[in-house]
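Below is one structure, written out as structure tokens; comments come after it.
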Amino acid sequence: MSKNRYMEHRSALMAAFPHTIPVMTGYLVLGLAYGVLMQLNGYGAFWSVLMSLVAFCGSMQYAAITLLTSTFNPLQALLLSLTVNARHLFYGLSMLEKYRGLGKTRIFLIFALSDETFSISSSVLPPASINRKYFYFWISFLDYAYWSFGTLLGSMLGRLITFNTTGLDFVLTALFVVLFLDQIKTKVNLVSGLIGIFCTLVCLLLFGPNQFVIPSMVLILFVLMIGRKRLCC
Amino acid sequence: MLLTPLQTFITILAVALGAMITRFVPFLLFPENKEQHPVVIYLGKMLPPAMIGLLVVYSLKSVDILGSAHGLPELLAILVITVVHVWKRNVLLSIGIGTALYMILVQFVF
């Protein structure tokens, strides 16, 4: 790597890292818990880390433990993964513009577009002096690394950790709340944010905690389309 | 381990394939070298706040309002985060205080 590119990467990393600190905390805790849980179900570090590296989808990885401990059925695994991960479809739609023109790096950014990476990358702008491609790369890569490293830690020495971490995973809820507050500064964004909260709450009440995400997405889409003339162009 | 190594490997690939389809489809449907339809641009602008709103609710889905704590630790922590954040606008400070308060509440109070 040329010296120039190295310096650009370095400053992008410095700019990106502070944004990822809450994710580091949350992913290390949840990744660690995942590693422990896999271990308890008979899957050692190799399998846990492989899953985290290849699939990188937190809540679905937890759901997949059930799949790994019942009869072999890859089609069911695929369908469940499509359902649980359906919300990613709207992350992609949101990032079309921001991820435009980033060359091969874009493929990695799309691959690693988790809930948390989406919430950060859609909320923060790279500083003017920072290479935009490298900035998004480091946010995505750091988050990806935290999750995989947390998984490794959990499956190797999870049961040695004794301090009480109950409630530490709330850090990710806190992250979403704070990024939400940062997003709703303009009137149009406030309306959209409230549509998101309200539609999801209604669907949570109607469909229960296991099946409300896809109905929420449909309702959000419906309300946004109805309100298009009033909210925008 | 109930599955054979090969079956485990295939299951992992199936899970990954599902996740990757949901991540890549929007970018394949709307390639970057093409002019986007106004509706797509509109949704791209409007969806981030709405989806982060969805994520706030999603991350709280297992809170049991009817349980012994009635969701009070979550409610209190979110109120404090909101006040601190509107006041100071410091992401790490707001998240740090909110998470610490939440941990104290669930470990020692409720």
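If you take every residue apart from A:Ile21 with its C-beta less than 14 Å away from the C-beta of A:Ile21, what net charge results, scoring Lys and Arg +1 and Asp and Glu -1?
-2
For A:Met95, what is the net charge nearby, where nearby means another residue's Cβ is under 12 Å from its Cβ and Lys, Arg count +1, Asp, Glu -1?
With Lys, Arg at +1 and Asp, Glu at -1, the neighbours total +3.
Which of the three applies to chain B, rounded, prolate or oblate, going by the alpha-carbon gyration tensor with a ≥ b ≥ c and a/c under 1.5 meaning rounded?
It is oblate, given that a/c is not under 1.5 and a/b is not larger than b/c.
Mind checking which of B:Pro48, B:Pro5, B:Leu101 is farthest towards the positive end of chain B's charge dipole, using Cβ charges of +1 (Lys, Arg) and -1 (Asp, Glu) about the Cα centre?
B:Pro48
Per Stokes-Einstein, at 10 °C and 1.306 mPa s, what whole-number D in µm² s⁻¹ belongs to chain A, with the Kirkwood radius over Cα pairs as the hydrodynamic radius?
It diffuses with D of about 82 µm²/s by this estimate.
Within the set A:Lys133/A:Lys229; A:Lys3/A:Lys133; A:Lys187/B:Lys34, which residue pairs have Cα atoms separated by over 25 Å?
From A:Lys133/A:Lys229; A:Lys3/A:Lys133; A:Lys187/B:Lys34, over 25 Å: A:Lys133/A:Lys229; A:Lys187/B:Lys34.
Once label points are set 7 Å from the Cα along Cα→Cβ at both B:Leu76 and B:Lys34, what is their separation, rounded to one decimal in nm?
Those two pseudo-labels are separated by 5.4 nm.
Taking each residue in A:118-125, count the Cβ atoms of any other chain within 10 Å of its Cβ, then average. What number comes out?
Partner-chain Cβ atoms within 10 Å, mean over residues of A:118-125: 3.
Could you let me know the centre-to-centre spacing of the range B:29-47 and the range A:1-77, using Cα atoms, in angstrom?
Using only Cα atoms to place each centre, the spacing works out to 30 Å.
Across peptide A:21-32, how many C-beta atoms of other chains are within 10 Å of each residue C-beta, on average?
Averaged over the peptide's residues, the number is 1.
Within 10 Å of each Cβ in peptide B:4-14, how many partner chain Cβ atoms are there on average? Round it to a whole number, please.
6
Count neighbours as other Cβ atoms within 10 Å of each site's Cβ, and list the GluC sites (Glu not before Pro) in the range B:19-75 that are DSSP loop with at most 11 such neighbours.
Here the sparse-neighbourhood loop sites are B:Glu35.
Grab the beta carbon distance between B:Val83 and A:Gln211, set R0 = 35 Å, and tell me the FRET efficiency rounded to 0.05.
0.55
Here, each number is a calculation from the coordinates, and none is a lab measurement. Given the structure is predicted, the values throughout are model-derived calculations rather than measurements. In this analysis, Cβ positions are derived from the backbone assuming ideal geometry, glycine residues included, and neighbour counts consider all displayed protein chains.
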